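The values are calculated or read from the model by the stated rules, or taken from the named source; none is laboratory data. Computed from a predicted model, the values in this text were never measured in an experiment. Glycine gets a Cβ as well: all are built from the backbone with ideal geometry, and neighbour counts include every protein chain shown. Areas reflect the complete protein model, heavy atoms only, side chains present, ligands, DNA and RNA absent. Shrake-Rupley method; radii C 1.70, N 1.55, O 1.52, S 1.80 Å.
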Amino acid sequence: MANNFKWSGIDKRCVHLDFHTSELIEGIGSKFSRKEFADMLRKTGLDSITLFAKCHHGCFYYKDSKFFVHPHLACDLLDEQIAACKDAGVSAKIYISAGFDEHIAKEHPEWLFCYDDFNPAGPNQFRRLCFNTPYLEVLKEQTREVVRKYKPDGVFFDIVANWPCFCKNCLSDMKKKGLDPESDADRWKMSVDVMNHYFDEMEKCVHEISPETVVFQNSGGFEIGARSKIDCCDQLELESLPTGGWGYDHFPMMMSYIRRAGKNCIGMTGKFHRAWGEFGGYKYKEALRYEAAQNLTFGAGMNIGDQLHPSGKLDDFTYEMVAETMQFMREREPFVGGNYLAEMAMFTPTDEGGGRTGAARILFEGKYLFDVIDEYELENGYPLIVVAQDIALSDKVVASLKKHAKKGGKILAVGKAAKSLAENGVDLGFVGMDEDSLVPGYFVAKYPVKAANKTPLVVYGNVYNVQATGEVLADKLSPYFTREGERFCSHAQTPCDYEKVSPAITQGKDGIAVAADLFALYEKDGAMTAKVLLLPLVDKLLGEKRVQTNLPSTGKVTLWERENSYIMHLCYANIIARGKTEVVEDIVTLSSVKVSVKLDKPKKVLLQPQGEEIPFTYENGRVCFELKDFNCYAAVEFVK
């Protein structure tokens, strides 16, 4: 994947109009107005809207379908909606629920997806159908009907997540292929085979009828390294509702991966305070503005999720917020895109497990410019690769990282990932590694840190014993004993024993190893320990970082090169936890944001889209300037 990003197609400002509607409800679409719908599309300034042909309940929303039409459909709802889109000059994409079809699930329980307890999903929820059953042929015929009838601009297939299935068909096919149902690796191999077959079949199903129709397969996000899911999509929509379980860390991290796929990228959020299907729930309009700012900063269009009332009546307050947000997007779109100037990369060996979010959070808070990469990109010449998980690495990954190191690239690794590298000749300044039974550890840095210099900092979670062969950058002090049973001291963990000293962080010619999972520590509770210890290590390996700024820690910065200029995007809002939900209510104006960036001397520096010239100084290869009264977002253009 490459970092040259350019918006393609017309999808930049979008709404995803959910319409999962129980067949128990009457008067479906009875209050729908084609004129009001078209007026809404015009006023909000949308490029595109996604409309429903078939929902999770298995209901279709046009009357001449040969499949299960909603029994109380009062009008040809989808036909009327598409006509309104044509009136307003807005692209209409059509939604088809793939993995959920509750009507078929009731009729054919033998087609249900079975989880690892060999039982389908329980009551009071939608049940997933397996694509390795005759259901796939039904879904293909449903899709053909929709595509033949509408020749839509796009089709959005939903609920296509990749999980091992234990239904009779999947177990039988595993045995035919010589795969072991008891093997986790073999179960995942079967799952990948089923999904790739599904992707191929659905792509043919659409494009044999309508070659120009854009296809997207949604699974609630993307897995790092699962390129078949990216390859099968004509554009990429990153479902990431910050208040719906994804959090505000998810979007920037995953966009830092998928933006290099060379496809139109759209960030999908929601207007809901919680998540999908929340009637009467709203986030603050300030939250939508900040999410728009994040989309612009990371090079993505914006899709705001809503759910239409069963009657077809639009919610006025929702579209007031949508209109404001889309105007904010539209004014700033011309400054999005280009070649992203990554100075380093973050690699996670697996898509699951702790550490990844913590590592990304630390790097974003440190204002580093980085790509999130998979195993196919380890030899792409990044000056520094941060291996962000405490797990053993595969032989293939180790071989790639060895080549990276031989070419002069540096590595920062933690725990068992560092062990895998050290055992295969990568010099991180230590040999041998075993888990320390005395926990937690206390790390004392020998280098300057932002706070608590030369002070033992508690490190929870896994800590390891190593033997140093290179420079020891930090010591580990073990506790007198591990707190358990009748052996305890005070209210929490046992204090450190100043006589029990061993290496904690070491450096060799190829990089640095940390004998603990500091990334997972930061992910779990945001401990200062992890951040103050790790940031100087990144600086030590990277050298002079490209961007330096006093933008608060949760602010984000990106930098892109274009033909005649560079564009820097900055965004910031006050994100707070209220209950279990991350909320943005207040966007505070910052009186002064100072920035220094390593670039060739520009002809001038402009604040966009205002076009105002910003005074700057140039010294030692760095452009220095100040943004006064910064509020939420700024695009700064450096004219070559």
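Residues in the stretch 563-589 that are over 23 Å from the mean Cα position of the chain (by Cα) and either surrounded by fewer than 16 Cβ atoms within 10 Å (Cβ to Cβ) or modelled with pLDDT under 95 (or both): GLU563, ASN564, ASP586, VAL588, THR589.
Note on the stretch 480-526: residues that are surrounded by fewer than 13 Cβ atoms within 10 Å (Cβ to Cβ), of a type in the set (Ser, Thr, Tyr) and over 24 Å from GLN467 (Cα atoms) amount to 1.
For the stretch 103-124, state whether one or more residues are more than 15 Å from GLY29 (Cα to Cα), aromatic (Phe, Trp, Tyr), open to solvent by 10 Å² or more (accessible area, probe 1.4 Å) and more than 29 Å from the chain's Cα centre (by Cα). Within the stretch 103-124, one or more residues are more than 15 Å from GLY29 (Cα to Cα), aromatic (Phe, Trp, Tyr), open to solvent by 10 Å² or more (accessible area, probe 1.4 Å) and more than 29 Å from the chain's Cα centre (by Cα). Number of residues in the stretch 24-46 that are surrounded by fewer than 18 Cβ atoms within 10 Å (Cβ to Cβ) and part of a loop (DSSP other than H, G, I, E, B): the value is 8.
Only one of the numbered conditions (1) open to solvent by less than 10 Å² (accessible area, probe 1.4 Å); (2) in contact with a Cys (Cβ under 9 Å, 6 or more places away or on another chain) is violated by LYS140, and that is (1).
Of note, LEU477 does not satisfy the criterion of being farther than 20 Å from LEU533 by Cα, over 31 Å from the mean Cα position of the chain (by Cα) and buried (at least 18 other Cβ atoms within 10 Å of the Cβ). On inspection, GLY270 passes the criterion of being farther than 19 Å from VAL372 by Cβ, touching a residue at least 12 places away in the same chain (Cβ under 8 Å) and not aliphatic (A, V, I, L, M). Being touching a Gly at 6+ places or on another chain (Cβ under 6 Å) and of a type outside the set (Lys, Arg) holds for only one residue in ASP434, ASP497, ASP510, ASP427, and it is ASP427.
Condition test on ALA418, is it open to solvent by less than 10 Å² (accessible area, probe 1.4 Å), modelled with pLDDT of 95 or more and either in a strand (DSSP E or B) or not aliphatic (A, V, I, L, M) (or both)?
It is false that ALA418 is open to solvent by less than 10 Å² (accessible area, probe 1.4 Å), modelled with pLDDT of 95 or more and either in a strand (DSSP E or B) or not aliphatic (A, V, I, L, M) (or both).
Here SER394 fits the description: open to solvent by 20 Å² or more (accessible area, probe 1.4 Å), among the hydroxyl-bearing types (Ser, Thr, Tyr) and within 19 Å of GLY354 (Cα to Cα).
Scanning the stretch 178-187 turns up no residue that is free of Cβ contacts under 8 Å to residues at least 60 places away in the same chain, buried (at least 20 other Cβ atoms within 10 Å of the Cβ) and part of a loop (DSSP other than H, G, I, E, B).
So that you can scan it fast, the table gives a plain yes or no per residue for (1) of a type outside the set (Ser, Thr, Tyr); (2) out of contact with any Ser or Thr (no Cβ under 7 Å at 6 or more places or on another chain):
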position: PRO310; (1), (2): yes, no
position: LYS313; (1), (2): yes, yes
position: ALA323; (1), (2): yes, no
position: GLY337; (1), (2): yes, yes
position: GLY358; (1), (2): yes, yes
position: TYR368; (1), (2): no, yes
position: VAL372; (1), (2): yes, no
position: GLU375; (1), (2): yes, no
position: ILE385; (1), (2): yes, yes
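Residue-by-condition table, conditions (1) of a type outside the set (Gly, Ala, Ser); (2) touching a Phe, Trp or Tyr at 6+ places or on another chain (Cβ under 7 Å); (3) in a strand (DSSP E or B); (4) modelled with pLDDT of 95 or more:
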position	(1), (2), (3), (4)
VAL215	yes, no, yes, yes
GLY221	no, no, no, no
LYS229	yes, yes, no, no
CYS233	yes, yes, no, yes
GLU237	yes, yes, yes, yes
MET253	yes, no, no, yes
LYS263	yes, no, no, no
MET268	yes, no, yes, yes
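Screening TYR447, TYR368, TYR442 for residues that are open to solvent by less than 50 Å² (accessible area, probe 1.4 Å), in a strand (DSSP E or B), at pLDDT 95 or above and of a type in the set (Ser, Thr, Tyr) leaves exactly one candidate, TYR442. Could you list, in sequence order, all residues of the stretch 576-596 that are without any contact (Cβ under 8 Å) to a residue 40 or more places away in the chain, in a strand (DSSP E or B) and farther than 30 Å from TYR618 by Cα? If the condition is that a residue be without any contact (Cβ under 8 Å) to a residue 40 or more places away in the chain, in a strand (DSSP E or B) and farther than 30 Å from TYR618 by Cα, then ILE576, ALA577, ARG578 are the ones that fit.
State whether the residues of the stretch 345-364 include one that is under 22 Å from ALA300 (Cβ atoms), surrounded by fewer than 21 Cβ atoms within 10 Å (Cβ to Cβ), more than 15 Å from the chain's Cα centre (by Cα) and of a type in the set (D, E, K, R). So far as the stretch 345-364 goes, no, none of its residues is under 22 Å from ALA300 (Cβ atoms), surrounded by fewer than 21 Cβ atoms within 10 Å (Cβ to Cβ), more than 15 Å from the chain's Cα centre (by Cα) and of a type in the set (D, E, K, R).
Within the stretch 47-64, does at least one residue satisfy the condition of being surrounded by fewer than 21 Cβ atoms within 10 Å (Cβ to Cβ), among the aromatic types (Phe, Trp, Tyr) and more than 25 Å from LEU236 (Cβ to Cβ)? Scanning the stretch 47-64 turns up no residue that is surrounded by fewer than 21 Cβ atoms within 10 Å (Cβ to Cβ), among the aromatic types (Phe, Trp, Tyr) and more than 25 Å from LEU236 (Cβ to Cβ). For the stretch 395-415, the candidate set comprises residues that are of a type outside the set (A, V, I, L, M) and outside any helix (DSSP H, G or I); within that set, the residue that is nearest to LYS476 (Cα to Cα) is LYS410.
Which members of the stretch 1-20 meet the condition of being among the polar types (S, T, N, Q), touching a strand residue (DSSP E or B) at 6+ places or on another chain (Cβ under 6 Å) and either open to solvent by 40 Å² or more (accessible area, probe 1.4 Å) or at pLDDT 95 or above (or both)? Passing the criteria: only ASN4. If the condition is being part of a strand (DSSP E or B), under 30 Å from the mean Cα position of the chain (by Cα) and closer than 30 Å to ALA287 by Cα, then the stretch 597-628 contributes VAL597, LEU607, GLN608, LEU627.
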